[in-house]
Amino acid sequence: MKKQMTLETDKRKAKEGEYIDIRWDCPVCPDSLILIFDSGHKTDKIVVSDSGSTRIAVPNCNGKFIIRLVAGIGGKKATQEIKVRVANNRKVSPAAQRNRLRLWVEKIHAGWCVFRAQMKYWWLSQKKWQKALWIAILALWLGLLLFSIVKPDPIISSSCNNQTAYITEYK
């Protein structure tokens, strides 16, 4: 029987942070194809077209990185799997560090955009008296913060610190 789906990589051994190319083909399953990446710490799934390729950086793994192609063929589940052996190099390449930093920055930016949109929606949903109350609370909080930061007048503070402690010895 002829294989109905194929999954290939250009490398079976890779170092952490190194790029590998993945190719797949499944002409009999045009709408139900999922590519799964399992690093042992995290599993990522993406829906893919019936044939294609992608390039990914090998993540931090416990020695092996598993790539699976899961398809529904004729009402049955078919799976192809490739295991890539990963050498954990503790010295991460500068390119991998830049990619990690870029992804972290993108994640923080996306979270900030969602937070900002939620706060804008929340503020628009408040009534006028609620907005006035929130502004008053914010002004009070900022006043207390400013009062705690500003140094006290030296004349007042010096008169308060003129206390003398006597130490006596009991026999």
(message) If each residue of separation counts as 0.36 nm, what is the full-extension length gain between LEU124 and LEU146 once their alpha-carbon separation is subtracted?
(response) 5.1 nm
(message) What are the ³J(HN,Hα) couplings of region 58-64, residue after residue, when phi is run through the Karplus curve with 6.51, -1.76, 1.60 and θ = phi - 60°? Round to Hz, x for glycine and proline.
(response) 5, x, 5, 10, 9, x, 9
(message) At a 10 Å Cβ-Cβ cut-off, how would you order TYR121, TYR19, fewest neighbours first?
(response) TYR121, TYR19
(message) Students often get this wrong: which residues of region 48-68 have the backbone nitrogen under 11 Å from the point 7 angstrom along Cα-to-C-beta of ASP10?
(response) 54-56
(message) At a 10 Å Cβ-Cβ cut-off, how would you order PHE37, PHE147, PHE65, fewest neighbours first?
(response) PHE147, PHE37, PHE65
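Every number in this text was worked out from the coordinates using simple rules, so none of it is lab data. Everything numeric here is computed off the predicted structure, so don't read it as measured data. All Cβ positions, even for glycine, are placed from backbone atoms using ideal geometry, and neighbour counts span all protein chains on display.
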